[in-house]
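Undergrad: Before we start, here is the structure in question, set down as structure tokens.
The values are calculated or read from the model by the stated rules, or taken from the named source; none is laboratory data. In this text, all values refer to a predicted model and were calculated from it rather than measured experimentally. Please note: Cβ atoms are built from the backbone with ideal geometry, for glycine as well, and neighbour counts cover all protein chains shown.
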């Protein structure tokens, strides 16, 4: 049975949110982003120093241009691609996690 991360309707379009998941048997924090009918998910880990990107659990910083900013060192990530466009890990990317929307729920695939 696939893991349910969050209800699709609970996601605010363009606003990253956090979800907890078991990936390869380990608990992980995920960044979940709804863009229209599309949902993307990434590990909540900055490729620069391996720290969480949120400044408090589930609270993410966004620039006026919509870039996701790492609260620890200021790396900026383009969404929904996950590419780091400025800061200490420029050119790197967030690690994408495959998700699917099924019956109004965002899930990890089986």
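Undergrad: Condition (residue is in contact (Cβ under 8 Å) with a residue 60 or more places away in the chain, in contact with a strand residue (DSSP E or B) (Cβ under 9 Å, 6 or more places away or on another chain), within 19 Å of residue 85 (Cα to Cα) and in a loop (DSSP other than H, G, I, E, B)) applied to region 16-37: is it met by at least one residue?
TA: Yes, some residue in region 16-37 is in contact (Cβ under 8 Å) with a residue 60 or more places away in the chain, in contact with a strand residue (DSSP E or B) (Cβ under 9 Å, 6 or more places away or on another chain), within 19 Å of residue 85 (Cα to Cα) and in a loop (DSSP other than H, G, I, E, B).
Undergrad: Tell me, please, whether a residue that is surrounded by fewer than 16 Cβ atoms within 10 Å (Cβ to Cβ), under 17 Å from residue 2 (Cα atoms), in contact (Cβ under 8 Å) with a residue 24 or more places away in the chain and within 12 Å of the chain's Cα centre (by Cα) can be found in region 83-106.
TA: Yes, region 83-106 has at least one match.
Undergrad: Continuing with this model, one more query. Any residue at all in region 68-80 that is touching a residue at least 12 places away in the same chain (Cβ under 8 Å), surrounded by 15 or more Cβ atoms within 10 Å (Cβ to Cβ) and closer than 13 Å to residue 19 by Cα?
TA: no
Undergrad: Could you grab me the full set of residues in region 38-50 that are assigned to a loop (DSSP other than H, G, I, E, B) and either touching a helix residue (DSSP H, G or I) at 6+ places or on another chain (Cβ under 8 Å) or at pLDDT below 95 (or both)? Give the steps one after another, and end with the answer.
TA: Let us first name the residues in region 38-50 that are assigned to a loop (DSSP other than H, G, I, E, B), namely 44-50.
Residues satisfying the conditions are 48, 49, 50.
Undergrad: May I pose another question? Where residues in region 1-11 are out of contact with any strand residue (DSSP E or B) (no Cβ under 7 Å at 6 or more places or on another chain) and at pLDDT 95 or above, which of them is surrounded by the most Cβ atoms within 10 Å (Cβ to Cβ)? Write out each step before concluding.
TA: Looking only at region 1-11, we keep the residues that are out of contact with any strand residue (DSSP E or B) (no Cβ under 7 Å at 6 or more places or on another chain), and these are 1, 9-10.
Keeping just the survivors that are at pLDDT 95 or above gives 9-10.
Values: 9: 9, 10: 14.
Only one residue fits best here, namely 10.
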